[in-house]
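Colleague: Pasting a structure below so you can have a look.
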Amino acid sequence: MAKEISTSEYQALAELRYRIRKFLNEGDQVAREAGLEPQQYLLLLLIRGLPEGQAATIQTLAERLALKHQSVVELIDRMELHGTVRRTRSRDDRRQVLVSLLPRGEKILERVARHRISELRSSGTALVNAISALREFVSRS
């Protein structure tokens, strides 16, 4: 039989959820102030921040954004119109479409990312503490 969830475990879950939502909502606001919709910012961030050796294909971006392929295509269409990204065919496999940042996209991304990193430096401790509190409960189980 599973052990009963304690009040302190509920509180730790609630605190983590609050801290994550707060961080995400503040990031969405910073993106909007920079002229981006939150998903546009995430797309730019994903393209720039993919692990070494991983190509920014539409399939990869869709998976990482948790969106359908067509939704990512539409997002990229809009961003190409705004001059933030470019779509090209892979030299190795012409069926594969690669997405890259244009200078305008790089500049906007850097502005938002600088703000987000600064935010993490100043208030990231609360998020880390919320995660640590939950880790303690998990390790006791």
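Colleague: Take the chain, mark every one of the GluC sites (Glu not before Pro) that falls in a DSSP loop and has at most 11 other Cβ within 10 Å, then report the longest stretch left between them, sites excluded.
Modeller: 53-141
Colleague: Also, quick follow-up: Would you tally the net charge around Ala133, using a Cβ to Cβ cut-off of less than 15 Å, leaving Ala133 out, and scoring K and R as +1, D and E as -1?
Modeller: Counting the neighbours of Ala133, the net charge comes to +1.
Colleague: Charges at C-beta only: +1 for Lys and Arg, -1 for Asp and Glu. How large is the resulting dipole of the chain about its Cα centre, in Debye rounded to 20?
Modeller: Dipole of the chain, to the nearest 20 debye: 280 debye.
Colleague: Can you give the angle from 0 to 90° between the axis of helix 103-140 and the longest principal axis of the chain, with both taken from C-alpha atoms, to the nearest 10?
Modeller: Once rounded, the angle reads 20 degrees.
Colleague: Residue separation times 0.36 nm, minus the C-alpha to C-alpha distance between Asn25 and Gln70: what's the value?
Modeller: 13.7 nm
Colleague: Express the relative contact order of the chain as a whole percentage, based on alpha carbon pairs under 8 Å and six or more residues apart in sequence.
Modeller: After rounding, I find 28 percent.
Colleague: Working only with C-alpha atoms, what are the Rg and Dmax values of the range 21-140, expressed in angstrom?
Modeller: 16.6, 52
Colleague: Taking the Cα-to-Cβ direction at Glu4 and at Arg86 and moving 7 Å from each Cα, how far apart do the two end points lie in nm?
Modeller: Label-label distance for Glu4 and Arg86, simple model: 6.4 nm.
Colleague: If we count every other residue with Cβ under 14 angstrom of Leu101's Cβ, Lys/Arg +1 and Asp/Glu -1, where does the sum land?
Modeller: +3
Colleague: Now for a different question. In what order do Ile47, Ile131 fall by count of nearby beta-carbon atoms within 10 Å, going from fewest to most?
Modeller: Ordered from fewest to most neighbouring Cβ atoms within 10 Å, Ile47, Ile131 come out as Ile131, Ile47.
No value in this document is a laboratory result; all are computed from the given coordinates. As the structure is a computational prediction, the values presented were derived from the model and not from experiment. As a convention, Cβ positions derive from the backbone with ideal geometry for all residues, glycine included, and neighbour counts pool all protein chains shown.
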